[in-house]
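Asks: Following this message is one structure expressed as structure tokens.
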Amino acid sequence: MSTQRGLLIILSGPSGVGKGTVREAVFDNENCNYIYSVSATTRSSRPGEVNGEDYFFISREEFENLIEKDALLEYAEYVGNYYGTPLAYIEENLQAGRDVFLEIEVQGARKVRERMPEGIFIFLAPPSFKELETRLTDRGTDSQAVIMERMERAREEIEMMKDYDYVVVNDYVPNAVSKINAIIECEHLKVERIVDRIQQDIQDYFVEGAESR
Ligand code: 5GP
């Protein structure tokens, strides 16, 4: 019997909503059996980040080469740097029946929707706009003007929520993680994902089993 294709899970949402933190918490769980799709980026690594684990840190030239070869499922330019999802790794794992998890910004998620509409698109939303502003301020990396720019952008990005399958409010990280896991568990139980296997079992019982009875 052929292996059931894995699920492609896309976690996205506005800047500052906590996508990275939630994704890390999803993967911190020892029972997590998703494959994390490591992105390529042209930004430089931050202290503690590991090449090949957090990102593939590559030059602009190398990145443009990947674009040219159509080796990326999607890519986006974000705050002056390229970010993109290598396609071959995803395909390999999906075909082997493993669930692949992407954590990407909303432009990229939109492109994945066009190319792989069967993906499960989860939008991570802030508990409130006030809270989003507080989180951006607390990061301490941006000026007030940049924060207001990001808030405006978040307003536009939240409009894109309607193109997603699920919304998870990031009020408390463990809550968000258990909701994401529940969504994926339910997705695996959808009739269209199970029916072939059951039909094959019936077939085996009546056709092949009959020979030995
Ligand atoms: P950071 O530089 O903080 O690690 O990431 C910046 C943004 O890029 C985050 O919103 C993150 O979700 C997004 N991102 C990371 N990898 C990818 C990718 O492969 N494609 C796209 N479109 N966005 C990504």
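The values are calculated or read from the model by the stated rules, or taken from the named source; none is laboratory data. Quick caveat, the model's predicted, so the values are computed rather than measured. Don't worry about glycine lacking a Cβ; one is built from the backbone with ideal geometry, like all the others, and counts go over all protein chains shown. Only protein heavy atoms, including side chains, enter the accessible area calculation; ligands, DNA and RNA are left aside. Shrake-Rupley method; radii C 1.70, N 1.55, O 1.52, S 1.80 Å.
Asks: Those residues that are closer than 20 Å to GLU105 by Cβ, away from the ligand (no atom under 12 Å from the Cβ) and among the acidic types (Asp, Glu), I need them from the stretch 2-61; list them, please.
Replies: Passing the criteria: only GLU53.
Asks: Identify all residues within the stretch 62-83 that are at pLDDT 95 or above and either more than 10 Å from the ligand (Cβ to nearest atom) or over 22 Å from LYS111 (Cβ atoms) (or both); write none if there are none.
Replies: Result: GLU62, PHE63, GLU64, ASN65, LEU66, ILE67, GLU68, LYS69, ASP70, ALA71.
Asks: Would a scan of the stretch 159-169 turn up a residue that is touching an Asp or Glu at 6+ places or on another chain (Cβ under 8 Å) and in contact (Cβ under 8 Å) with a residue 12 or more places away in the chain? First the steps, then the outcome.
Replies: If we filter the stretch 159-169 for residues that are touching an Asp or Glu at 6+ places or on another chain (Cβ under 8 Å), which is where we start, we get none.
The answer is no, given that none of the residues of the stretch 159-169 is touching an Asp or Glu at 6+ places or on another chain (Cβ under 8 Å) and in contact (Cβ under 8 Å) with a residue 12 or more places away in the chain.
Asks: Name the residues in the stretch 94-106 that are within 16 Å of the ligand (Cβ to nearest atom) and open to solvent by 10 Å² or more (accessible area, probe 1.4 Å), would you?
Replies: GLU103, ILE104, GLU105 - these are the residues of the stretch 94-106 that are within 16 Å of the ligand (Cβ to nearest atom) and open to solvent by 10 Å² or more (accessible area, probe 1.4 Å).
Asks: Considering each residue of the stretch 26-45, count those that are of a type in the set (Ser, Thr, Tyr), within 27 Å of GLU192 (Cβ to Cβ) and surrounded by 20 or more Cβ atoms within 10 Å (Cβ to Cβ), and give that number.
Replies: Of the stretch 26-45, the ones of a type in the set (Ser, Thr, Tyr) are 34, 36-37, 39, 41-42, 44-45.
Those left that are additionally within 27 Å of GLU192 (Cβ to Cβ): 34, 36-37.
Pick out the ones that are also surrounded by 20 or more Cβ atoms within 10 Å (Cβ to Cβ) and you get 34, 37.
Number of matching residues: 2.
Asks: Determine whether the stretch 6-25 contains at least one residue that is more than 24 Å from ILE158 (Cα to Cα) and either surrounded by fewer than 17 Cβ atoms within 10 Å (Cβ to Cβ) or modelled with pLDDT under 95 (or both). Explain how you work it out, then say what you get.
Replies: We begin by selecting, within the stretch 6-25, every residue more than 24 Å from ILE158 (Cα to Cα); these are 6-7.
This time we only want the ones that are either surrounded by fewer than 17 Cβ atoms within 10 Å (Cβ to Cβ) or modelled with pLDDT under 95 (or both), so: none.
Within the stretch 6-25, not a single residue is more than 24 Å from ILE158 (Cα to Cα) and either surrounded by fewer than 17 Cβ atoms within 10 Å (Cβ to Cβ) or modelled with pLDDT under 95 (or both).
Asks: Taking the stretch 24-48 as the region of interest, how many residues are farther than 22 Å from ARG115 by Cα and part of a loop (DSSP other than H, G, I, E, B)? Walk me through how you get there before you give the answer.
Replies: So in the stretch 24-48, the residues farther than 22 Å from ARG115 by Cα come out as 24-33, 42-48.
Going one step further and asking which of them are part of a loop (DSSP other than H, G, I, E, B), we end up with 29-33, 42-48.
Final tally of qualifying residues: 12.
Asks: Next up: If I ask for residues that are of a type in the set (A, V, I, L, M) and more than 19 Å from CYS186 (Cα to Cα), which ones from the stretch 1-24 would you list?
Replies: So the first thing to find is which residues in the stretch 1-24 are of a type in the set (A, V, I, L, M), and the list is 1, 7-11, 17, 22.
Hits for the stretch 1-24 are MET1, VAL17, VAL22.
Asks: What single numbered condition from (1) under 21 Å from the mean Cα position of the chain (by Cα); (2) under 20 Å from GLU24 (Cβ atoms); (3) not small (Gly, Ala, Ser) fails to hold for GLU156?
Replies: (2)
Asks: Follow-up. With respect to GLY52, is the statement that it is loosely packed, with under 13 Cβ neighbours inside 10 Å and either small (Gly, Ala, Ser) or touching a residue at least 24 places away in the same chain (Cβ under 8 Å) (or both) true?
Replies: On the way: loosely packed, with under 13 Cβ neighbours inside 10 Å: yes; either small (Gly, Ala, Ser) or touching a residue at least 24 places away in the same chain (Cβ under 8 Å) (or both): yes.
So GLY52 fits the description; yes.
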